[in-house]
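Remarks on the structure that follows.
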Amino acid sequence: MITLRAMTPTEYEAWLDTSTDEYALEKVKAGNWPADDAKARALAEYAGYLPQGTATAGHHLFTIADAEDRAVGMIWIATDVHKTPGRCWIYDLRVDEHQRRRGHARAAMLAIEAVAREHGQTVIGLHVFGHNTGARALYESLGYGVTNVNMAKPLV
Ligand SMILES: CC(C)(COP(=O)(O)OP(=O)(O)OC[C@H]1O[C@@H](n2cnc3c(N)ncnc32)[C@H](O)[C@@H]1OP(=O)(O)O)[C@@H](O)C(=O)NCCC(=O)NCCS
């Protein structure tokens, strides 16, 4: 069993550092950004989405807490900022490495559906990198379907 609780400022700072590190790495791996300025680009992108951090209107950042109320991960959803009415967006989901494959992400994804409904949302969207097979398996098992596919061929 998990609960979602509002992220504290300390948790936010730690998450921002880790998440932008990993996002930068994913962008480099996916061939979108050069390695040298990837972290700066990631920080700039996040600042654009979250100019007021956890207090940014329409954005909800939660810590995922386990049955003993220990933080095991986080989830970030935006409910009122998408151009399409009723369509919200999950920007990030992560579970601490040593807490994985215990069903925490699945439970958090189901719990976030209630948050979305409370805000009058009817569809949840998200982006996942093609090479993130674990996350893709999770989302597919929860009923998410593919809406866009980017393709690339390295020219050698
Ligand atoms: C993706 C992530 C959130 C999954 O968290 P988790 O708590 O381990 O996921 P769950 O235990 O709820 O997994 C539920 C199901 O998803 C699938 N799944 C999850 N991780 C998987 C993996 N690494 N490989 C294959 N399938 C996986 C499985 O079907 C799993 O069910 P099972 O364990 O009974 O086989 C976690 O690996 C993570 O934080 N990764 C780094 C950040 C990230 O990639 N986030 C997603 C951004 S789009």
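Each value in this text was obtained by applying a stated rule to the coordinates, not by laboratory testing. Keep in mind the model is a prediction, meaning the values are calculated, not measured. Note that we place each Cβ from the backbone using ideal geometry, even for glycine, and neighbour counts take in every protein chain shown.
What is the distance in Å between the Cα centres of the range 1-71 and the range 87-123?
A separation of 14 Å, based on Cα centres.
Along the charge dipole of the range 3-141, which of Gly120, Tyr23, Tyr12 sits closest to the positive end, that is, farthest toward it, with unit charges on the beta carbon of Lys, Arg, Asp and Glu (+1, +1, -1, -1)?
Result: Gly120, furthest along the dipole toward the positive end.
For a test of the definition: using alpha carbon positions, the gyration tensor, and the 1.5 limit on a/c, classify the chain as rounded, prolate or oblate. Mind showing how you got there, number by number?
Details: a/c = 1.35, a/b = 1.28, b/c = 1.06.
Note, shape of the chain comes out rounded.
Net charge near Ala55, counting Lys/Arg +1 and Asp/Glu -1 over other residues with Cβ under 15 Å of its Cβ? The partial results should precede the final answer.
Working: positive: none; negative: Glu11, Glu13, Asp80.
Neighbourhood net charge equals -3.
Given H placed on each backbone N at 1.01 Å, which residues far from Asn32 in sequence or on other chains put an amide H within less than 5 Å of it?
none
To make sure I understand the rule: partners must be lysines, Cα under 28 Å from the Cα of Lys29, and not fewer than 8 residues away in the same chain. Which ones qualify?
Cross-link targets: Lys39, Lys153.
Output the relative contact order of the chain, whole-number percent, from Cα pairs under 8 angstrom with separation of 6+ residues.
Numbers: 186 pairs, mean separation 30.8, N = 156.
20 percent.
Mean residue ellipticity at 222 nm from the helices of the chain, using -39,500 (n - 2.57) per DSSP H segment of n ≥ 4 over the full residue count, to the nearest 500 deg cm²/dmol?
On the way: 4 runs with 57 residues, N = 156.
The per-residue figure over the chain is -12000 deg cm²/dmol.
With +1 on each Lys and Arg Cβ and -1 on each Asp and Glu Cβ, how big is the dipole of the range 3-141 about its Cα centre, in debye rounded to the nearest 20? Working shown, then result.
Values: 15 positive and 19 negative charges, 96 e Å.
Here the range 3-141 has a charge dipole of around 460 debye.
For the range 3-141, give the share of DSSP beta bridges that are antiparallel, in percent and rounded to the nearest 5; count only bridges with both residues there.
Given both bridge residues lie in the range 3-141, the antiparallel proportion sits at roughly 80 percent.
Just to check I understand the Karplus step: with θ = phi - 60° and J = 6.51 cos²θ - 1.76 cosθ + 1.60, what whole-Hz values come out for the range 60-73, glycine and proline as x?
With coefficients 6.51, -1.76 and 1.60, one gets 10, 10, 10, 8, 8, 10, 7, 4, 8, 6, 8, 5, 10, x Hz.
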